[in-house]
2 protein chains.
Amino acid sequence: MGKIVHCVPNFSEGRNEEVIEKIVDSFRNIEGVTLLNYSPDKDHNRTVVNVMGDPAKVKDAMVAAAKAATELIDMSKHEGAHPRMGAVDVVPFIPVAEVTMEECVEYAKEVGERIGALGVPVYLYEEAASKPERKNLADVRKGQYEGFFEKITQEGWKPDFGPGEMNAKTGCTAVGARIALVAFNVNLNTDKLEIADAIAKKVRFIGGGLRFVKAMGVMLEDRNQVQVSMNLVNYKKTSIYRAIELIKAEAARYGVTVYGTELVGMVPLEALVESAEYYMQLEDFDVNQIIEKQLLNSK
Amino acid sequence: MGKIVHCVPNFSEGRNEEVIEKIVDSFRNIEGVTLLNYSPDKDHNRTVVNVMGDPAKVKDAMVAAAKAATELIDMSKHEGAHPRMGAVDVVPFIPVAEVTMEECVEYAKEVGERIGALGVPVYLYEEAASKPERKNLADVRKGQYEGFFEKITQEGWKPDFGPGEMNAKTGCTAVGARIALVAFNVNLNTDKLEIADAIAKKVRFIGGGLRFVKAMGVMLEDRNQVQVSMNLVNYKKTSIYRAIELIKAEAARYGVTVYGTELVGMVPLEALVESAEYYMQLEDFDVNQIIEKQLLNSK
């Protein structure tokens with residue numbers, strides 16, 4: 001099958017269909033590149049694109065899309081609910097097959113440099129970060145587009161690539177490499193939001209919970225149930241089943257049980273297999289025993 | 001990705017490497033055909049081949065392998081522990097992707113006819129069977145090679161394809177279409193074989209248990225544990241988790257617990273996902289949310 005990388009660029013346009021289509025066109029009809037889906041959000045005024053394929057081809061398509069976005073989007077006029085710093089807001093590269101994290105860091109650096117050459121200040125983040133304080137995307141993006149006119153002049157926030165001053169039209173771009181995120185929700189048999197909140201605080205890292213879990217309580221009005229909504233930021237180290245079992249244990253003190261769970265969006269096969277192995281008590285299972293995995297290997 | 005069929009031919013030669021390699025060569029270096037693995041067994045004097053790919057290409061390769069096997073194997077000299085009726089003993093076609101069971105039945109009929117044209121009496125079995133009494137492979141093969149000189153002359157056992165009399169050199173071949181088998185074992189925290197035997201009898205179809213489960217008790221001498229060894233012959237209707245949970249319930253009456261489980265050989269993704277969904281209590285999960293599945297779809 002060869003090397004496969006997943007890229008999830010976020011563009012700061014979620015309303016103008018013509019602009020969105022022109023940007024997304026950069027990923028269409030290219031041998032070796034698969035446009036999995038794209039989801040424009042009008043409230044956020046933002047479009048998230050899922051694209052996968054041969055690294056060299058994905059990189060070229062990504063730079064072409066960045067060129068289109070910087071030409072078509074004027075950040076000085078952008079409004080939207082989601083935090084953002086540029087027309088091409090964030091570009092993560094995620095390893096899928098026969099690609100290491102180190103290689104994804106190289107892809108991020110190359111694409112960062114090429115987007116920088118379009119006149120856009122570029123910051124490398126997560127695994128590609130040039131300094132520890134640039135690892136976390138939220139820290140990089142802090143201040144947002146409006147704040148970057150000042151932030152970019154600070155000693156510690158000189159861009160990794162591109163001009164050393166703010167580009168008012170394009171804003172700035174974060175390019176990075178990271179492991180796949182797993183968005184996972186647990187729905188509880190209660191309508192008491194305070195219970196979901198309390199459990200979320202116990203299960204998440206900052207509350208002394210699981211190392212790679214971010215969590216918050218959410219009210220599901222239409223179901224009259226509450227939810228612990230999570231991001232598992234490293235499913236290889238903190239598996240889905242561990243989050244489920246810890247939530248069950250915390251919920252038991254309120255006499256509350258799990259009604260159901262939800263995997264949101266894409267999930268790596270390995271993340272699902274690890275939980276299946278735990279619950280099924282599988283010994284010595286190899287993911288290559290899965291027919292579809294073999295089929296993929298043989299491509 | 002297009003249509004993908006899985007074929008698992010069994011050849012009656014497990015000792016002579018030169019012969020085995022010549023037969024297996026028919027599946028090698030063919031665009032559109034993937035030789036997944038092959039496992040010669042000296043005791044059984046038999047080789048099981050796993051091959052997958054484009055149906056037209058797999059059919060052609062299968063007929064070429066049958067031609068090689070009928071030329072190189074002399075059944076009148078064959079000895080081995082496994083029941084067998086011919087040099088090409090059995091050829092099942094299994095749907096994998098974008099292929100229906102009806103199409104697999106057509107593949108079985110075409111390949112059966114072409115193997116028949118090599119001078120081999122051919123019986124269609126399972127979903128491809130021409131009569132109800134030919135559905136079960138064990139019924140078709142009953143009497144084995146030695147018994148077929150007489151069996152083939154019986155009113156009800158006229159072959160579906162090929163000559164109406166026994167071929168002493170090649171024996172007979174069964175060609176069919178079936179769903180993927182899941183070989184699944186549950187290891188128990190006890191060394192009492194009678195407990196595994198008793199549970200096997202309760203969990204299997206013929207004992208009033210699950211519709212698509214075949215089971216028997218096995219002693220694992222090296223582990224000092226016993227095992228319920230199963231074949232799930234329709235994982236879509238009798239899921240793996242149901243077998244696990246029923247065995248747990250039956251074992252509880254002896255105070256025995258499950259130590260671990262084993263999936264033997266290949267397993268369809270769907271079979272694993274269904275058990276993950278059950279244990280994780282997943283709501284509305286779609287197998288296409290798995291990154292690797294998307295990747296496969298996009299091929």
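All of the numbers you see were taken from the coordinates with simple rules; none came from a lab. All values reported here derive from a predicted model rather than from experimental measurement. Methodologically, a virtual Cβ is constructed for each residue, glycine included, from the backbone with ideal geometry; neighbour enumeration extends over all protein chains shown.
Observations, loosely collected:
- Stokes-Einstein diffusion for segment B:1-143 at 10 °C, viscosity 1.306 mPa s, with a Kirkwood radius from C-alpha pairs, works out to 104 µm²/s.
- Ratio of Rg to Rh over segment A:99-167 (Cα coordinates, Kirkwood Rh, two decimals): 0.97
- A cut-off of 5 Å between modelled amide H atoms, ignoring neighbours fewer than 5 places along the same chain, links A:Val175 with A:Val91, A:Tyr123, A:Leu124, A:Tyr125.
- Calculated P(r) tail over 28 Å for segment A:142-299, as whole % of Cα pairs: 43
- Net charge in the neighbourhood of B:Glu31 (other residues with Cβ under 12 Å of its Cβ; Lys, Arg +1, Asp, Glu -1) is 0.
- The ellipsoid that matches the Cα gyration tensor of segment A:179-227 has semi-axes, each √(5λ) in whole angstrom, of 21, 13, 6, with the longest given first.
- Whole-angstrom gap from segment A:136-181 to segment A:270-284, using each part's C-alpha centre: 40
- Neighbourhood charge, 9 Å Cβ-Cβ cut-off, centred on B:Ala68 and excluding it, Lys, Arg +1 and Asp, Glu -1: 0
- Over segment A:71-192, all Cα pairs binned in 10 Å intervals from 0 give whole-percent P(r) values of 14, 41, 28, 11, 5, 1, listed from short to long.
- Candidate aspartates and glutamates for bridging to B:Lys236, where Cα separation is under 13 Å - those fewer than 8 sequence places away on the same chain excluded: B:Glu270, B:Glu274
- For segment B:1-98, the list of GluC sites (Glu not before Pro) that fall in a loop by DSSP and count at most 10 other C-beta atoms within 10 angstrom reads B:Glu31, B:Glu79.
- Cα point-scatterer Debye curve for the protein assembly as shown, base-10 log of I(q)/I(0) at q = 0.05, 0.06, 0.12 Å⁻¹: -0.30, -0.43, -1.20
- Once the Kirkwood radius over Cα pairs is known for segment A:219-261, the Stokes-Einstein relation at 25 °C and 0.890 mPa s delivers a diffusion coefficient of 210 µm²/s.
- Trypsin sites (Lys or Arg not before Pro) restricted to segment B:29-85 and DSSP loop, no more than 13 other C-beta within 10 Å: B:Lys42
- The Cβ shell under 11 Å around A:Lys57 holds other residues with a net charge of -1, Lys and Arg each +1, Asp and Glu each -1.
- Taking amide H atoms as placed 1.01 Å from N in the peptide plane, the amide H of B:Phe161 lies under 5 Å from those of B:Val122, each 5 or more residues away in sequence or on another chain.
- Principal axis extents of the C-alpha atoms in chain B (largest first, rounded to whole Å): 57, 47, 38.
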